[in-house]
Structures are given as structure tokens and as C-alpha cells.
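Read-outs throughout are calculated quantities, based only on the coordinates presented, and are distinct from any laboratory measurement. Fair warning: this is a prediction, and the values are worked out from it, not measured in the lab.
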Amino acid sequence: MKYRFVDHTADIAFEVYGSDLKELFENAALAFYDAFVDTSKLKTEREAEVECEGEDVEITLYRWLNELLYLFDTEFFAAKTVRVEIEKGSAIKARGKLGGGKFNAEMVKVEPKAITLHKFRVEKTDNGYLAFVVVDI
């Protein structure tokens with residue numbers, strides 16, 4: 001399982017799983033877009049590049065999701081495919097290529113307002129990583 005949606009009052013919440021950080025960030029992007037757009041109707045027309053960094057994994061994932069939200073809000077862009085590279089050093093850097101395209105109003109399930117820090121977490125598990133994300137709608 002890549003991700004699962006969790007019941008949450010007045011917001012959208014999901015758990016994301018990954019065997020490594022690369023897979024965690026890829027699955028977080030897929031969960032984000034699946035929560036808000038009917039991606040089955042989306043045409044892959046272009047590739048968007050996203051890059052962010054943070055002092056730890058949680059901050060980097062939070063910034064990653066905010067970059068996706070920015071593309072969603074400003075370019076009406078949603079992705080069907082995601083490829084991520086992670087660099088670990090003094091900071092955690094995530095670089096991603098997202099294959100997707102422009103969505104229209106009929107494809108939107110619900111509009112996201114903000115990625116929240118409420119209950120936001122990333123945990124190392126026996127199987128890799130688990131993240132819990134809440135998005136204000």
C-alpha cells in the first residue's frame with residue numbers, strides 16, 4: 001500500500017508509506033493529487049520540476065507538499081507520475097519530476113487550502129517510513 005486516506009473532521013488526512021525517502025516523497029505526491037483531483041481524467045501533457053530542502057525529513061516533506069500545492073493553485077497542475085531524488089547532507093534535498101497536466105474545475109474533488117503542521121509527522125519504521133499529513137480544505 002502506497003497511502004491511505006484517514007477520516008478527519010473538516011480536513012483531508014492521509015498516511016503515506018515508503019520503503020525509503022524517495023518512495024515516501026513520491027507516494028506523498030500521488031496521495032496529494034489523488035485527494036484533490038480525479039487523476040484518471042488527467043492527460044500527461046508536460047513535466048514539472050520541484051525542488052526543496054530542509055534541515056530534516058519532516059521539514060523537507062512539508063516544503064515538498066507546499067510546492068505541490070503552489071503548482072496546484074497557480075498553474076492548475078496535477079501529476080500522474082512522480083520521480084524523486086533525495087540527497088542527504090547538512091540538509092535533506094528533494095528534487096522531483098512530475099508528469100501531468102492542467103486540470104479543469106470538473107476534475108477537482110475538493111480544493112486544498114493549506115498543508116498543516118497539525119499532527120504532521122514522519123516516522124522511521126521497520127519497513128521504511130510513514131508520514132501523516134493533514135490538509136486544510
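Rounded to the nearest 500, what is the chain's calculated 222 nm mean residue ellipticity when only DSSP H runs of at least 4 contribute -39500 (n - 2.57) each, over all residues? Before the final figure, lay out each step's value.
Numbers: 2 runs with 35 residues, N = 137.
Helices in the chain give a 222 nm mean residue ellipticity of -8500 deg cm²/dmol.
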Here the range 93-101 yields Karplus 3J(HN,Hα) values (6.51, -1.76, 1.60; θ = phi - 60°; whole Hz; Gly and Pro given as x) of 10, 10, 10, x, 10, 10, x, x, x
Sorted by chain and number, the residues with a modelled amide H under 5 Å from that of Val82, at a separation of 5 or more or across chains, are Gly99
Please give the helix 21-36 orientation as an angle from the longest Cα principal axis of the chain, in degrees from 0 to 90, rounded to the nearest 10. 30
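For the range 3-136, calculate the relative contact order in percent as a whole number, restricting contacts to Cα pairs under 8 Å that are 6 or more residues apart.
Details: 286 pairs, mean separation 43.9, N = 134.
Taking the mean separation of contacting Cα pairs over the length of the range 3-136, I get 33 percent.
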If amide H atoms are modeled at 1.01 Å from N in the peptide plane, then the residues at a separation of 5 or more from Ile137, or on another chain, having amide H under 5 Å from its own are Ile12, Lys113
I'd like the Karplus ³J(HN,Hα) series for the range 69-79: coefficients 6.51, -1.76, 1.60, θ = phi - 60°, whole numbers in Hz, and an x wherever there's a Gly or Pro. 4, 4, 4, 4, 6, 8, 10, 6, 9, 9, 10
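Length gain on complete extension for the stretch Thr44 to Thr74, per 0.36 nm per residue less the alpha carbon to alpha carbon distance?
On the way: separation 30, 0.36 × 30 = 10.80 nm, distance 1.79 nm.
Contour length minus the Cα-Cα distance gives 9.0 nm.
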Using Cα springs under 10 Å in a Gaussian network model of the chain, which residue among Glu106, Glu75, Glu123 shows the largest mean-square fluctuation? Glu106
